[in-house]
Each structure stands twice: as C-alpha cells, then as structure tokens.
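The values are calculated or read from the model by the stated rules, or taken from the named source; none is laboratory data. Everything numeric here is computed off the predicted structure, so don't read it as measured data. Here the Cβ positions follow ideal geometry from the backbone for every residue, glycine too, while neighbour counts run over all protein chains shown.
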Amino acid sequence: MNLRAGKGGIVLLALLLAHLAIGVGRYPTRVIGRRLAEIELYEQKGGARFLLEDAKIPGAEQLEWLLANTDKDSVILWRWPSDGALEFAAALLAPRLVVDERKVPPGASTFAGRTIASGTTPSGERGLITLQGTEGKGLLLTTRTN
Amino acid sequence: MERIVTGLLLSIVLFWTGACFWVRGDGIPDWWLPVAFGFGITIATRVRIADESPSPRWARAAAWLVICGAFVMLWHGALSTPSRHWDGAASFDAKVFWLENSPTLQQPFFATEGVFHHSPDYPLLLPMLVAMVERLAPEFGRVVLPFVYMLLIGVVSTALQRRRIAPLLRVAITAAVAVTPSLLTPGGGAVDSGYGECILLLATTTTAAGLLNRHSLWFALGITLMLAAKPEGQAYALLALAVAYARSERSLLMIGTVALTVTAFVWEPVRAALLHREPSFYMTLPVVIAAFATLHLGVVKLAPRLDTGRNRWLLLAAVPFLGLLAVQWLGPMFAEGNGTMAVYMRQADGAFAGLANLPAYFAGVFEFGISRLRLGTTLLIPFAALAVAKHCGIKLHDRSVLIFALLGVTATAVPFVLSPEPDLEHHIRSSLPRLLLHWVGPIWLLSASWLHELLVAADRCEAARTVPGPFSPHSRLRRE
C-alpha cells in the first residue's frame with residue numbers, strides 16, 4: 001500500500017495489517033494452545049463426557065453406561081424430546097442404531113434385523129433399554145416393557 | 001497453480017456427481033475418488049490460464065509460513081480426535097461413520113424411518129469425501145478438512161492473480177483470508193470442526209471469483225459446490241444467478257443456470273431418499289426461477305426499451321421485500337416434513353412479524369462480525385475503501401462481487417426473521433457467526449479488487465506529480 005497516498009491509504013493499510021496481526025496474534029494462544037488443550041481433554045474424558053460437559057448438558061453417564069453395557073450391533077430405543085444430549089447419541093453410540101421407539105411395534109425384540117438392547121438399567125428397571133430425552137436437554141435411562 | 005486449483009474444484013464436483021448416483025444404489029466404488037480426481041486434473045491441464053506475475057519472495061515466504069502453520073494445526077486438530085463440537089459430532093461424524101462402513105444409502109441408518117439421523121437432508125458432499133478417503137487411507141479421512149482450507153486459499157490466490165491484483169497486495173489478501181480467526185480458532189465452524197462452513201465458504205468464494213473474473217467454469221463450479229455443501233447453498237446459488245442477471249452477465253447466467261439445473265436433478269433424488277419420500281417439486285423451484293431469469297434476460301435484450309439499468313437496480317432493491325412476500329406465499333408449500341428448510345418455512349406466516357427480530361440481528365452482526373474480531377477486520381475494509389474512494393472521487397468497479405456479497409450478507413438475516421427457536425439470543429449466538437463466515441471469501445475478493453483500484457489511482461496520481469495523493473480531498477483525480 002502506498003504510504004504516500006494520504007490518510008485514507010494509511011487507514012486501509014492499518015486495517016489490513018490489523019487483520020493480519022489479529023489472525024497471527026491468535027496462533028500461540030487460541031489456534032495452537034486452545035486446540036492442543038481441547039484435544040488433550042477429549043482424550044482424557046472420552047467423546048461423551050467431553051462433548052456434553054462442554055455443552056453444559058447432562059447425559060454423559062447414560063451414554064457411557066450404554067457403551068459399556070449393550071452390544072455393538074444392537075438397537076437402542078429413544079423417546080422424545082430429542083433436543084440436546086440425544087443429538088449426540090447416534091454418533092457416539094455407533095455402530096449401535098438409535099431408533100424412535102414409536103416406530104417399533106409392541107412385542108418386537110428386533111428392528112431392521114438387529115436385536116433391540118434389553119436388560120436392567122442402573123435404576124433397576126427391566127425391559128427394552130430406552131434413552132429418554134428430558135426437558136433440560138439431558139438424558140434419562142429407562143425401559144420399555146413391550 | 002491455477003490448473004491445480006481448477007482441477008481440484010472440478011474433481012470434487014465430478015466426484016460428487018458420480019457419488020450421488022452410486023450412493024443410492026450398491027454404493028460408491030472405492031476407485032471412483034481417485035478416478036474423479038484423475039479426470040478433474042487431466043481436464044484442467046487443458047484449461048487456458050492467466051499469466052503468473054511473481055510476488056516479492058519475502059512476502060511469499062511469510063505468507064507460506066503463516067498458511068503452513070495454520071495447516072499443520074488444522075491437520076493435527078482434524079486427525080487427533082473425532083469432531084469436538086456440536087454439529088460436527090452430532091451430524092457429520094455419524095454420516096461419515098456409516099458411509100465409511102458401506103458407502104450406500106441402502107443401509108438402516110439412512111434407509112429406515114425412525115433411526116435417529118441428525119439433519120437428514122444435509123448435502124453429503126463432505127461426509128462422502130471424508131468417508132471415501134477414509135476407506136482408501138484408514139485414519140486419514142479427515143485430512144479432507146484441512147485440504148478444503150488449502151483449496152480455499154488457492155482459490156483466493158488464483159482469483160487475484162487472474163485479476164492482476166498487485167503482487168504484494170495479492171499475497172497480503174491471501175494471507176488475510178488464511179488467518180481469519182473464525183476459521184482457525186477451535187469451535188463450531190472452524191476448518192477442523194467437521195461443520196460444512198469451510199466447504200461452503202470455498203463454494204461462495206469460487207462463485208465470487210467467477211463473477212470477479214467473468215470466469216464461466218469457476219462460476220458454474222461454485223454454484224454446484226454451493227448446492228452440494230449445505231442447505232443454505234441453494235439460496236446462495238440463486239443470489240449468484242440474480243447477480244449475473246442484474247449485471248447482464250449472459251454467459252455466466254447461462255452456465256450458472258445449467259449448473260444449478262444439473263445439480264438440482266443430481267441431488268434431489270438423494271435428498272428425497274434421505275427424507276424417506278419421493279423426489280418433489282421442492283428443488284425444482286430454484287430451477288424454475290433460474291429459467292425464468294434466463295428467459296427474462298432474453299426478453300430484456302430483445303426489447304431494449306425495458307433494458308434500463310434503473311429497472312434492474314430497482315428490482316434488486318426490492319428483493320428483500322419481495323422475498324418476504326414470496327416466503328409468506330410459498331412458505332407453507334415447503335413447511336411439511338423434517339427437512340432443514342421446512343423447519344424455517346413453518347414460520348412463514350409470521351415473516352413480517354419476524355422483522356421485530358432485526359434489531360437483535362443487527363446487534364449480533366456488530367458483535368460477531370466486528371467487535372469480537374472473529375472475522376478480524378473483514379467487514380470493515382470494504383466500507384473503509386468505499387469511504388476513501390468517495391472522499392477522493394474515485395469510482396470503484398467490480399459491482400458484481402459487491403452485489404453478491406451484499407445480498408449474501410443480507411440473506412444471513414432470513415433465518416432470524418423466520419427463527420423457529422424460542423431463544424432468539426441463543427439462535428443468533430450459535431448460527432450467525434457461521435453464516436457471516438460464508439461471506440468472508442467474497443468480501444476479501446471485493447476488498448482486494450477495490451484496494452488495487454485505489455493503488456492504481458495512487459500510482460497515477462504520483463506519476464502526474466500531484467502533491468496530495470488520490471486519498472486526499474485535494475486530489476486532482478477528484479476534479480478529473
């Protein structure tokens with residue numbers, strides 16, 4: 001930029017340099033530091049806890065329980081409302097399929113050729129494992145008794 | 001450089017076109033990705049390119065340092081973990097997982113109604129690219145994300161080269177796009193977040209570059225990519241065609257219309273399958289409108305009495321108002337189902353009442369576009385350049401990119417006028433920064449072009465040995 005071009009030119013040059021300075025100035029802290037910290041935290045906590053705690057919504061325990069206690073090829077039922085933690089369920093629980101319980105007919109034990117996960121939840125309920133969304137965007141582990 | 005960039009853009013579009021066909025059937029064959037890229041690069045070797053003008057070595061080295069530093073961090077961020085932010089983790093990762101296992105929609109995750117599938121009608125370009133790379137190079141699929149960023153930088157640099165922007169300015173503007181904080185800072189919308197924002201930004205930038213250089217191939221590729229990247233790309237593609245129409249860019253309008261039509265017919269069957277319904281009228285609307293615009297341009301050309309610039313400018317000025325009327329009228333037709341557009345169209349009845357959300361929207365634009373520096377000074381430079389030019393009496397050109405960027409930024413208000421969220425503040429906070437990010441590329445191309453014009457005026461002024469520069473109110477250029 002031509003510095004002899006008057007005040008206007010200097011303002012434009014300053015804005016362009018300011019943009020470059022803002023961008024490059026963030027490299028050490030936000031671009032590198034924050035990214036490395038984020039990756040470390042993700043590796044420590046695991047996907048469910050990292051994502052839900054970051055979003056300040058409850059439900060990580062329920063997802064971790066499902067990951068530990070259901071077959072990978074199973075179907076997990078879910079029940080409305082779906083906003084919040086349930087939105088992460090499909091990706092975090094894969095290769096399990098997360099299926100709207102209203103689409104599963106009463107008495108069914110399989111869906112799309114897969115077994116619907118069943119058992120006893122930590123609270124002692126017995127039946128088809130169902131992930132229930134809550135009004136607070138969290139999750140509740142419950143069951144469906146066909 | 002231009003051949004590589006054109007080849008890569010072409011390859012992505014070729015890959016997407018074939019993939020949309022195969023993904024509905026037995027699956028995308030693994031060989032298709034390398035073959036599509038082979039075709040794209042081969043075709044690009046036959047494209048005529050502009051002469052390259054060298055830039056100062058120190059500036060190039062500095063820019064490469066900055067860009068490579070960002071690329072290394074984005075590479076690390078993309079490959080170290082799955083997506084670490086909301087939409088990437090909730091929507092993108094699940095699609096990639098299932099497509100990587102089996103690149104077809106003929107599997108329960110996509111084909112069975114009732115399976116939880118976040119944002120089912122989102123275009124599958126990015127998930128398909130990542131999944132297919134993952135199949136070829138396990139654990140490396142997500143390198144697509146930083147490479148989209150590099151391609152974006154390549155598009156900017158090549159477009160400015162073709163425009164013959166002063167070498168130092170070209171390097172500075174390329175670096176400016178590369179360091180835009182929203183792209184690099186971890187969070188929703190960042191390059192490695194798994195969100196579709198960067199690839200949509202690549203698409204809008206390619207389209208703007210097509211307008212800037214009257215480059216038909218890039219314009220068409222940009223339009224296709226916009227539709228293939230994200231749902232809002234449909235609206236952006238229409239805006240690009242409206243600009244081509246308003247500026248009487250006949251060849252751009254024609255090829256853009258063809259690109260839109262082909263893309264719509266390639267994508268709609270996939271979209272319909274994802275939504276578990278038959279292909280519908282929905283995607284043909286843009287096609288009808290584009291065809292109408294083409295026809296109208298022909299009429300305007302045939303009937304010179306109608307062909308007054310004022311007509312077209314008035315039409316453009318009336319676009320937001322006409323748009324709201326059209327939304328109220330057409331909205332209910334698209335309000336059914338679980339598609340992204342349907343969620344907004346269910347609010348169409350209250351479109352005019354939604355204007356009450358505009359003050360909050362403008363405050364959001366100021367906060368996320370300017371004061372928080374997430375976009376750096378991106379939004380300020382065109383205004384400053386305009387003010388300087390007006391002050392000095394210099395007429396700036398490149399209205400096409402200006403109108404495209406203006407319409408695009410205006411369009412970012414629509415989701416908030418039709419906001420389905422009860423919490424408007426949250427909606428603005430979570431969506432507006434990403435919507436503004438889509439226009440960073442076009443705005444920088446515009447800024448580059450204008451700054452270059454001001455520089456040229458300054459040089460002319462100096463050559464004429466006038467004491468004050470053209471930026472001074474006393475410049476001779478003003479009187480000229």
> In the stretch B:380-388, is there at least one residue being within 14 Å of chain A (Cβ to nearest Cβ), under 30 Å from A:R30 (Cα atoms) and within 19 Å of the chain's Cα centre (by Cα)?
Replying inline: yes
>> Let me confirm something: among B:G194, B:G188, which residue is closer than 29 Å to B:R372 by Cβ, touching a His at 6+ places or on another chain (Cβ under 7 Å) and modelled with pLDDT under 90?
In response: B:G188
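What residue, among those in the stretch A:92-101 that are touching a residue at least 12 places away in the same chain (Cβ under 8 Å) and either within 7 Å of another protein chain (Cβ to nearest Cβ) or part of a helix (DSSP H, G or I) (or both), is farthest from B:A89 (Cα to Cα)?
Quick first cut of the stretch A:92-101, residues touching a residue at least 12 places away in the same chain (Cβ under 8 Å) only: A:92-93, A:95-101.
Among the residues that remain, those that are also either within 7 Å of another protein chain (Cβ to nearest Cβ) or part of a helix (DSSP H, G or I) (or both) are: A:92-93, A:97-101.
On the way: A:L92: 8, A:L93: 11, A:L97: 16, A:V98: 15, A:V99: 18, A:D100: 20, A:E101: 23 Å.
If we take residues in the stretch A:92-101 being touching a residue at least 12 places away in the same chain (Cβ under 8 Å) and either within 7 Å of another protein chain (Cβ to nearest Cβ) or part of a helix (DSSP H, G or I) (or both), then A:E101 is farthest from B:A89 (Cα to Cα).
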> Among the numbered criteria (1) over 17 Å from B:V155 (Cα atoms); (2) in contact with a Leu (Cβ under 9 Å, 6 or more places away or on another chain); (3) part of a helix (DSSP H, G or I), which single criterion is violated by B:D30?
Replying inline: (3)
> Restricting to the stretch B:99-112, what's the tally of residues that are more than 7 Å from chain A (Cβ to nearest Cβ), touching a helix residue (DSSP H, G or I) at 6+ places or on another chain (Cβ under 8 Å) and part of a helix (DSSP H, G or I)?
Replying inline: 4
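Somewhere in the stretch B:8-26, is a residue aliphatic (A, V, I, L, M), out of contact with any Leu (no Cβ under 6 Å at 6 or more places or on another chain) and within 30 Å of A:A112 (Cα to Cα)? Let's see the steps before the verdict.
Taking the stretch B:8-26 and keeping what is aliphatic (A, V, I, L, M), we get B:8-10, B:12-14, B:19, B:23.
Next, from what is left, pick out any that are out of contact with any Leu (no Cβ under 6 Å at 6 or more places or on another chain): B:10, B:12, B:14, B:19.
So of that shortlist, the ones also within 30 Å of A:A112 (Cα to Cα) come out as B:19.
Checked the stretch B:8-26: at least one residue is aliphatic (A, V, I, L, M), out of contact with any Leu (no Cβ under 6 Å at 6 or more places or on another chain) and within 30 Å of A:A112 (Cα to Cα).
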> Do we find that B:P442 is of a type outside the set (D, E) and either part of a loop (DSSP other than H, G, I, E, B) or more than 21 Å from B:C198 (Cβ to Cβ) (or both) in this structure?
Replying inline: no
>> I want to confirm something. Restricting to the stretch A:112-139 and keeping residues that are under 20 Å from A:S82 (Cβ atoms) and in a loop (DSSP other than H, G, I, E, B), which single residue is nearest to the other protein chains (Cβ to nearest Cβ)?
In response: A:A112
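From the list A:L16, A:L77, which one is part of a helix (DSSP H, G or I) and of a type in the set (A, V, I, L, M)?
Values: A:L77 fails: part of a helix (DSSP H, G or I).
The conditions single out A:L16.
Restricted to the stretch A:102-111, and to residues that are outside any loop (DSSP other than H, G, I, E, B) and surrounded by fewer than 19 Cβ atoms within 10 Å (Cβ to Cβ), which residue is farthest from the other protein chains (Cβ to nearest Cβ)? Spell out how you get there, then give the answer.
Our first condition is that a residue be outside any loop (DSSP other than H, G, I, E, B); within the stretch A:102-111, this holds for A:102-103, A:110-111.
Subset that is surrounded by fewer than 19 Cβ atoms within 10 Å (Cβ to Cβ): A:102-103, A:110.
Working: A:R102: 7, A:K103: 3, A:T110: 12 Å.
Selected residue: A:T110.
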> Out of all the residues in the stretch B:208-253, which are charged (D, E, K, R), more than 14 Å from B:L125 (Cα to Cα) and touching a Leu at 6+ places or on another chain (Cβ under 7 Å)?
Replying inline: B:R214, B:R250
>> Restricting to the stretch A:41-88, name every residue that is aliphatic (A, V, I, L, M), within 11 Å of another protein chain (Cβ to nearest Cβ) and within 18 Å of A:R144 (Cα to Cα).
In response: A:V75, A:I76, A:L77, A:L86
> Out of the stretch B:113-155, which residues are more than 15 Å from B:A78 (Cβ to Cβ) and within 14 Å of chain A (Cβ to nearest Cβ)?
Replying inline: B:E113, B:G114, B:V115, B:F116, B:H117, B:H118, B:S119, B:P120, B:Y122, B:I153
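Would you tally the residues in the stretch B:175-196 being part of a loop (DSSP other than H, G, I, E, B) and either on the phi < 0 side of the Ramachandran plot or buried (at least 22 other Cβ atoms within 10 Å of the Cβ) (or both)? Working first, answer last.
To start, the set of residues in the stretch B:175-196 that are part of a loop (DSSP other than H, G, I, E, B) comprises B:179-180, B:185-190, B:194-196.
When the remaining residues are screened for being either on the phi < 0 side of the Ramachandran plot or buried (at least 22 other Cβ atoms within 10 Å of the Cβ) (or both), the result is B:179-180, B:185-186, B:188-190, B:194-196.
So the count comes out to 10.
Looking only at the stretch B:387-410, count how many residues are closer than 14 Å to B:H452 by Cα, assigned to a helix (DSSP H, G or I) and out of contact with any Gly (no Cβ under 8 Å at 6 or more places or on another chain). Don't jump to the end; show me each part of the working.
Restricting attention to the stretch B:387-410, the residues satisfying the condition of being closer than 14 Å to B:H452 by Cα are B:388-389, B:394-398.
Checking the rest, the ones that are also assigned to a helix (DSSP H, G or I) come to B:388-389.
Remaining after also requiring out of contact with any Gly (no Cβ under 8 Å at 6 or more places or on another chain): B:389.
Residues meeting the conditions: 1.
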>> Being surrounded by 15 or more Cβ atoms within 10 Å (Cβ to Cβ) and either over 19 Å from B:L445 (Cβ atoms) or over 33 Å from the mean Cα position of the chain (by Cα) (or both) is the filter here; which residues of the stretch A:20-29 pass it?
In response: A:L20, A:I22, A:V24, A:G25, A:R26, A:Y27
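Between B:A172, B:A131, which is over 22 Å from the mean Cα position of the chain (by Cα) and part of a helix (DSSP H, G or I)? So that I can check it myself, show each step before the final result.
Details: B:A172 fails: over 22 Å from the mean Cα position of the chain (by Cα).
Going through B:A172, B:A131 in turn, just one is over 22 Å from the mean Cα position of the chain (by Cα) and part of a helix (DSSP H, G or I): B:A131.
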>> Which of the helices (runs of 4 or more DSSP H) found entirely inside the stretch B:260-368 contain at least 1 residues meeting this: under 30 Å from B:F21 (Cβ atoms) and at pLDDT 65 or above?
In response: B:284-302, B:319-330, B:340-345
>> As an exercise: evaluate B:S91 against (1) within 14 Å of another protein chain (Cβ to nearest Cβ); (2) over 26 Å from B:F109 (Cα atoms) and give the number of the one condition it does not meet.
In response: (2)
